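This report concerns only the one structure given below.
The values are calculated or read from the model by the stated rules, or taken from the named source; none is laboratory data. Because the structure is a prediction, the values reported are computed rather than measured. Here Cβ is always computed from backbone atoms with ideal geometry, including for glycine, and neighbour counts include all displayed protein chains.
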Amino acid sequence: MTTATAAELFDPAFLRALEGLRILARSVPAGGRHAEQRSRARGQGQEFTDVRPYVAGDDFRTVDWHVFLRLDKVFVRLFLQDEDLPIYFLLDQSASMARGPALGNAPDRSVIARRAVAALAYVALNHMDRIAVFPFASEPLRPLPGTSGKNGFQRLLAYLAALPAQGSTSLVEALQQFATRRLRRGLCVLVTDGFDPRGAEAVQKAMSRVPHRLLVVRPVHAGEERPVHLRGELRAIDCESGEHVEVSVDDAMLDRYAKAYAEFAEAIATVAEQRGGGCLALRSDQPVVPQLATLFQNGVIQA
Amino acid sequence: MSLFGLAPATFALGALLLAGGLALLHLLRVRLRSVEVDTLLFFRLAGALQKPRVLPGRPARWFAFVLALLVALAAWLAMAEPRSGLQDASRFLVVEPDQQSGEARLEQVRSLALAGLGPRGAILAATLPPTLLLAAGEPANVLEARAAALQTTATALGERAAWQSIGDRRLAGDEVVWLGARPALAEFPVVHAPVARAPVGIVRGLRWQRAAGTGPSLLLQWEGDAVPVELRVGDTVTAAGVTKVGAGELLLGPVAVPANGAPLRCAIGTAAAFVVPWPTTTPLRVHVDPSLPVDLTIALASILEADEELVEAPEATAEVVVSAQDVPEDARPRLVLLAGHGGGARLAVNTAAAPVACSLRDRQPRDAGALPALPGARVWIADEAQGGALAAATSSTNRRIWIVDWLLRPRTHADVPLLLLTSLRALGDREASSMVALAGQPLAVPAAVPAALAAGALLPVDSVLPLHERTSAGLAIASPVAAISGSQPTLAAIGGDGSWVPWLLSLLVLLLAVDAMLFHRGRLP
């Protein structure tokens with residue numbers, strides 16, 4: 001079990017680096033709270049979109065008096081409604097996420113994952129969007145319900161810092177359960193190493209059923225795609241299940257291992273691209289924010 | 001290529017054991033390293049069912065096996081000290097340790113070592129187990145240190161073990177030399193260099209002599225290198241010694257004459273051994289004239305009683321007569337004890353090796369030129385104070401010895417019995433009379449050395465050396481040391497050549513470097 005203090009996870013410099021970033025939804029389904037995301041709903045936004053004849057009950061402040069003087073008919077101006085974007089963080093907290101790199105002293109994946117969640121949540125909360133965190137391991141953990149506003153960030157930090165990392169990875173079940181939730185359409189940020197024992201195909205299938213845009217963030221350690229330190233005759237023990245295989249690791253085996261890893265990563269990235277969010281392999285030995293910034297084009301994620 | 005450090009069979013056996021051991025190690029189930037990993041997913045996807053090697057089964061890592069085998073075999077081969085040119089002739093020496101003749105024998109061995117042992121040769125001491133004194137390739141000065149530490153004596157078992165240890169490494173054409181007083185064991189043929197041998201010494205004289213009350217002693221006059229000399233009756237060494245370098249004498253004995261008359265063998269160095277006839281043991285019949293003074297009669301009686309080779313006999317049957325007057329018409333040897341002369345200091349002349357010398361050699365030798373001429377006689381002792389009066393003399397014609405009375409005074413002097421005894425034995429040919437010399441002259445060495453012997457011919461082992469009366473044997477003794485060094489100039493220098501060990505060690509380092517490189521590159525588990 002791995003927990004960390006909020007100060008360990010985030011520092012002011014980390015947060016300052018996130019200023020200026022924004023997650024901008026291409027479209028926001030109606031029904032949300034007033035915020036900064038443009039929705040398809042007509043409402044009290046800033047952006048003019050159309051006019052229509054006045055009907056009883058319309059707000060007089062929306063009457064277009066210039067049209068009335070020219071045409072002697074009463075029209076009201078219509079504006080796009082600005083609403084919030086719901087962002088759901090699906091955070092993997094299995095035991096494999098709590099493992100650091102085999103070589104070096106980079107932080108473990110869980111720390112990197114929580115920093116990524118905090119960073120993206122900070123950007124979202126800065127723009128009045130709504131976030132929720134659904135952690136999981138072998139089964140769903142206690143979620144952080146929908147939170148908005150800058151004040152919610154502190155709650156998020158405390159929540160993330162207290163999250164344990166333990167148990168096996170049940171990514172497929174977590175995705176399936178998340179897909180069945182009746183949630184307002186938004187952006188799902190899946191933060192996981194993806195090491196579900198059922199393999200990439202099952203994970204792909206479960207990801208494709210998530211009814212949200214899907215952004216995948218995979219915390220990775222340097223060199224994990226080709227673990228040369230494992231050369232030799234070894235009994236490889238799964239850190240989550242305790243299962244083991246006896247394997248003779250040589251160059252050929254490492255080549256096959258790297259090939260399998262690459263195919264797995266490619267499969268995850270492909271589904272994420274298809275789901276409109278993209279995929280980012282977040283290196284544990286490098287700062288989080290610059291890597292996350294690559295997701296933002298001109299400071300904006302088009303979610 | 002030949003192996004220097006190991007026998008081929010030993011090497012082959014070791015190589016097979018190494019290969020077998022390595023194969024077994026590669027077949028055995030390895031000790032697995034337990035490692036906790038993030039996921040087994042990719043191992044399974046990569047086909048992790050490739051198990052480590054198990055027994056029984058074929059080695060999963062042929063390349064690693066071959067590399068390890070090469071490293072092990074290279075090290076084993078380096079231990080075997082392979083060398084090229086080892087087929088060249090070599091020399092093996094088996095030395096019989098002998099404390100008494102150690103120096104002389106060591107000198108021989110040293111000479112042989114310096115002459116070269118060839119690429120495979122060695123010098124062994126016939127101890128049990130055999131002691132390596134010098135191996136080819138070792139500096140020659142090691143020999144002395146090892147020989148000095150050698151305390152054990154030779155045994156037949158040790159000699160046999162030495163021959164057997166040589167047998168593994170000996171090739172056709174090699175030379176095996178036995179350096180010992182006794183012959184080598186018959187079942188191990190010893191190869192000697194069949195070449196002319198340079199004489200290293202000559203026996204100038206070889207004769208028996210006897211002191212009163214003791215057995216006979218063999219006096220060897222030697223001219224040449226220092227060599228050990230042994231007298232053996234059967235397998236028992238009855239006397240031994242080492243001759244001095246150059247002209248010198250060696251007294252061996254006294255020797256107890258065996259009752260069965262077993263032959264006495266004399267071995268000079270390692271080159272010559274021969275049978276020496278025992279001295280004549282017939283008692284010398286001596287008649288003492290009753291006209292002699294009583295005290296002299298008593299002294300003579302005690303001498304005759306003490307020396308078993310002297311017996312008193314009537315005048316008619318006596319071989320030697322002791323009297324106060326000379327009887328010229330009696331041709332028998334006669335000891336004449338003259339009375340009433342002298343009174344001056346006694347004088348000894350050249351007494352080297354003469355039996356009487358022990359009592360007279362503290363006297364100053366003087367010039368005997370002033371003595372009156374006595375035809376056919378040799379002055380033995382002169383009286384300076386009497387103006388050259390004859391004190392004692394021998395005659396070569398009538399076999400006479402004159403001794404003046406004052407030489408025998410006082411009668412209790414220790415010299416008196418010796419002087420009388422020596423005189424009697426000389427007259428009876430029981431002593432070598434050739435040691436008697438003119439005053440002031442060096443000892444006259446008989447020059448009766450046969451030309452054939454002096455030319456360097458080696459006396460055959462166990463031949464009989466004839467000892468003629470009053471003559472000295474001349475015998476040239478040759479040494480195989482000089483013979484081998486002169487006859488085998490093609491023998492390689494000590495240590496041989498063409499050692500492969502440096503190359504093998506270089507190969508070993510290279511193989512280890514390849515192993516390390518492949519390991520770091522992940523080519524080896």
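Overview of results
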{"quantity": "Candidates A:V210, A:V191 - the one that is under 14 Å from the mean Cα position of the chain (by Cα), surrounded by fewer than 24 Cβ atoms within 10 Å (Cβ to Cβ), closer than 21 Å to A:V271 by Cα and of a type in the set (A, V, I, L, M)", "calculated": "A:V210"}
{"quantity": "Residue identified as in contact with a helix residue (DSSP H, G or I) (Cβ under 6 Å, 6 or more places away or on another chain) and at pLDDT below 75 among A:A4, A:A30, A:A35, A:A25", "calculated": "A:A4"}
{"quantity": "For A:R42: the one exception among (1) modelled with pLDDT under 85; (2) assigned by TED's automatic domain parsing to the domain that holds A:A137; (3) of a type in the set (K, R)", "calculated": "(2)"}
{"quantity": "Among residues of the stretch B:498-525, those that are at pLDDT below 75 and surrounded by fewer than 13 Cβ atoms within 10 Å (Cβ to Cβ), counted", "calculated": "2"}
{"quantity": "All helices (runs of 4 or more DSSP H) inside the stretch A:140-249 with 2 or more residues being under 25 Å from A:L282 (Cα atoms) and within 14 Å of chain B (Cβ to nearest Cβ)", "calculated": "A:171-180, A:200-208"}
{"quantity": "Yes/no for A:V245 being in the same structural domain as A:R209 (by TED's automatic domain parsing), crowded, with 21+ Cβ neighbours inside 10 Å and either among the charged types (D, E, K, R) or in contact with a Leu (Cβ under 8 Å, 6 or more places away or on another chain) (or both)", "calculated": "no"}
{"quantity": "A:E263 being of a type outside the set (F, W, Y), within 10 Å of chain B (Cβ to nearest Cβ) and either under 25 Å from A:A118 (Cα atoms) or assigned to a loop (DSSP other than H, G, I, E, B) (or both)", "calculated": "no"}
{"quantity": "Cβ-Cβ under 8 Å pairs, at least 6 apart or on other chains, the stretch B:68-95 side in the same structural domain as B:E159 (by TED's automatic domain parsing) and among the charged types (D, E, K, R), far side buried (at least 19 other Cβ atoms within 10 Å of the Cβ) and modelled with pLDDT of 85 or more", "calculated": "none"}
{"quantity": "Only one of A:G104, A:G57, A:G100 that is out of contact with any Ser or Thr (no Cβ under 7 Å at 6 or more places or on another chain) and at pLDDT below 85", "calculated": "A:G104"}
{"quantity": "Test result for B:A240, at pLDDT below 80 and closer than 28 Å to B:V321 by Cβ", "calculated": "no"}
